[in-house]
Amino acid sequence: MNAYIERTIASVKQKHANEPEFVQTIEEVLSSLDPLVNAHPEYEKFDILGRIVEPERMFTFRVTWMDDEGKYHTNTGYRCQFNGAIGPYKGGLRFQKNVYPGIIKFLGFEQIFKNALTGLPIGGGKGGSDFDPTGKSDAEIMRFCQSFMTALYRYIGPDIDVPAGDMGVGGREIGYLFGQYRRLKGTFENGVLTGKGLSYGGSVIRPEATGYGAVYYLNEVLKHEGEDIQGKTIACAGFGNVTWGICKKATELGAKVVTLSGPDGYVYDPDGVTTEEKINYLLEMRASNRNRVQDYADKFGVEFFPGEKPWGRKVDIVMPSAMQNDVKMDSAEKIAANGIKYYIEVANMPTTNDALAFLRSQKGMIVAPSKAVNAGGVGVSALEMAQNSERLVWTADEVDRQLHRMMETIHRVSAEAAEEFGLGYDLVAGANIAGFKKVATAMLEQGVF
Ligand code: 2IT
């Protein structure tokens, strides 16, 4: 490997030994960049790698809130403004009890390159809190969001940093966060957040965008292989917003999602999550805050596998769409043994690095990386920002058309970047190279700081 890359990885490993997820993404991205860094000695001269692995700014803040019994609780809030070379920092907020700096940094780092791949002017950022929304009442969620925004509002803005949702943060939370921002600022700056409700500046298709975009990307891969999506079976994970969008679009195109998962296990529905009733039930399951996928099996009379993951199922396409490190070596071996041809990552970093390397080395298997596949979500967030700044509203057809084109372009640009360096149809390396190159160019042109 290029010596400058090796030195950068070694120094991140040493400095962030207690943040394994961050080290993992750094190793994954940087090790793809060998041919690019070899071809660009100016990267080392101006220390692009050393600079890009260091957040421009990252801070924590205190979030104290009152529960329904009048008891006070204090959580930690985070915002990482990782890289602003190509646009205002942009990225979601994650509310989950396991949130700590290593999670925020890995998500922020991935976000830089994902956002660059959208082709739109957005930098990389991420934030969140170790607040656990499970079992909280609506009033508790509101008070938490108000306290969170009270601490954060001075440091964000439509041209500074534009948060959105991620796990634990959906339309309801964005509404409370925006209400508090507006109350504190005294201006109607709705471009400060995306994923808003339609009544105050949200974009149509934003809730569907990540899942729709993932299926559009999948469709490009299938076209490249001369195959049709019609009739294909898909194993998904989770049952949240992203998986919901995949089920909707897959159904529309004649494919079917046959597995869903949760912390309690997975369900197998051989008929697919294809009816309106089933697809809508995913929303109900999420809104119930129970975080149990067994509810789906009970309701629709399908099999539930407690404590298991769906990756041993023989399907046409695997789309891990739940969370980081969901697919480890043991699951990867099952996927390979089943002869599955399409491994399409959806969640941020859903595969451990050893499992990812193993899958990429399988002959005939096509692996697509999440930072490309799930970029339609943040891409439509950028379209929401554009509508807000123009003070107008686009139609669903217009947004969907732009999303579709964006995903085609991301797939093409990734494939071309890999091809340029003689790597063949390597979508993982291609996405890393194309995303990185755009940000590095902007950094070089703006001088050293
Ligand atoms: O991981 C992601 O790209 C998101 N959670 C969406 C970020 C956004 O700004 O819409």
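Of all lysines in the structure, those lying under 17 Å Cα to Cα from Lys248, and not within fewer than 8 positions of it along the same chain, are Lys232, Lys256, Lys278. Taking a straight Cα-Cα cut-off under 17 Å and skipping sequence neighbours fewer than 8 places away in the same chain, the aspartates and glutamates within cross-link reach of Lys309 are Asp264, Asp269, Asp295, Asp326, Asp330, Glu333, Glu345. When we measure straight from the Cα of Lys15, which lysines land under 19 angstrom away, once same-chain ones fewer than 8 places off are left out? Reachable lysines: Lys105.
The share of Cα pairs per 5 Å bin across region 330-425, counted from zero up to the longest distance, runs 2, 11, 18, 18, 16, 13, 9, 6, 4, 2, 0 percent. Cβ crowding within 10 Å, taken as a proxy for footprinting-reagent exposure, orders Met319, Met385 from fewest neighbours to most as Met385, Met319. Approximating the spin labels as points 7 Å out from Cα along Cα→Cβ, the Arg412-to-Asn289 distance works out to 4.6 nm.
From a point 7 Å beyond the Cα of Lys13 in the direction of its Cβ, which residues of region 24-53 have a backbone N at a distance under 15 Å? Backbone N within reach: 24-32. Within the chain, what's the longest run with no trypsin sites (Lys or Arg not before Pro) in a DSSP loop and at most 11 other beta-carbon atoms within 10 Å? Give the range, please. Answer - 72-362. Seen from Ala3, the other residues with C-beta closer than 11 Å to its C-beta sum to a net charge of -2, counting Lys and Arg as +1 and Asp and Glu as -1.
Proximity of backbone amide H atoms, modeled 1.01 Å from N, is registered between Gly195 and Ser203 at under 5 Å, excluding neighbours fewer than 5 places apart on the same chain. DSSP bridge analysis restricted to region 201-356 gives an antiparallel fraction near 45%, rounded to the nearest 5. Couplings for region 205-219, taken from phi via the Karplus curve 6.51 cos²θ - 1.76 cosθ + 1.60 with θ = phi - 60°, read 6, 4, x, 7, 4, 5, x, 4, x, 4, 6, 4, 5, 3, 4 Hz in order; Gly and Pro are left as x. Under a 5 Å amide H cut-off, with hydrogens placed 1.01 Å from N, Val257 pairs with Ile234, Val273 among residues at least 5 apart or on other chains.
The 3J(HN,Hα) values that the Karplus relation (6.51, -1.76, 1.60; θ = phi - 60°) gives for region 321-331 are, in residue order, 10, 9, 6, 5, 6, 7, 10, 9, 3, 4, 5 Hz. Gly and Pro appear as x. Relative to the compact-globule estimate of 2.2 N^0.38 Å, the Cα radius of gyration of region 105-230 comes out at 1.22.
Count Lys and Arg as plus one, Asp and Glu as minus one, and take only other residues whose Cβ is under 14 Å from that of Ala39; the net charge is then -2. Normalised by the number of residues in region 295-449, the mean separation of alpha-carbon contacts (under 8 Å, six or more apart) gives a relative contact order of 15 percent.
Count Lys and Arg as plus one, Asp and Glu as minus one, and take only other residues whose Cβ is under 10 Å from that of Val23; the net charge is then -1.
Go through Lys126/Lys334; Lys13/Lys314; Lys114/Lys249 and tell me which ones have a Cα-Cα distance over 30 Å in this structure. Too far apart for the 30 Å limit: Lys126/Lys334; Lys13/Lys314.
With R₀ fixed at 60 Å, the C-beta to C-beta distance from Thr275 to Lys45 puts the FRET efficiency at about 0.55. For the chain, DSSP calls about 55 percent of its internal beta bridges antiparallel. The phi-based Karplus calculation (6.51 cos²θ - 1.76 cosθ + 1.60; θ = phi - 60°) puts the 3J(HN,Hα) values of region 172-177 at 4, 5, 4, x, 5, 5 Hz, whole numbers, x for Gly and Pro.
The value of relative contact order for the chain, using C-alpha pairs under 8 Å at least six residues apart, is 15 percent.
Size descriptors for the chain, from the alpha-carbon set: Rg then Dmax equal 20.9, 63 Å.
Put the Cα centre of region 280-337 next to the Cα centre of region 341-379 and the gap is 17 Å. Look at where the Cα atoms of region 198-238 and of region 144-182 average out, and the two centres are 27 Å apart. Cross-linked pairs Lys371/Lys437; Lys328/Lys363; Lys196/Lys438; Lys223/Lys363: Cα-Cα separations exceed 21 Å for Lys196/Lys438. The amide H of Tyr342, built 1.01 Å from its N in the peptide plane, has Val318, Ile366 as neighbours under 5 Å, considering only residues 5 or more places off or on other chains. Each of Asp47, Asp316 has some number of other Cβ atoms within 10 Å of its Cβ, and from fewest to most they run Asp47, Asp316.
Bear in mind these aren't lab numbers, they're just calculated from the coordinates by the rules spelled out. A quick note: this is a predicted structure, and the numbers were derived from the prediction, not measured. Here the Cβ is made from the backbone with ideal geometry for all residues, glycine too, and neighbour counts use every protein chain on show.
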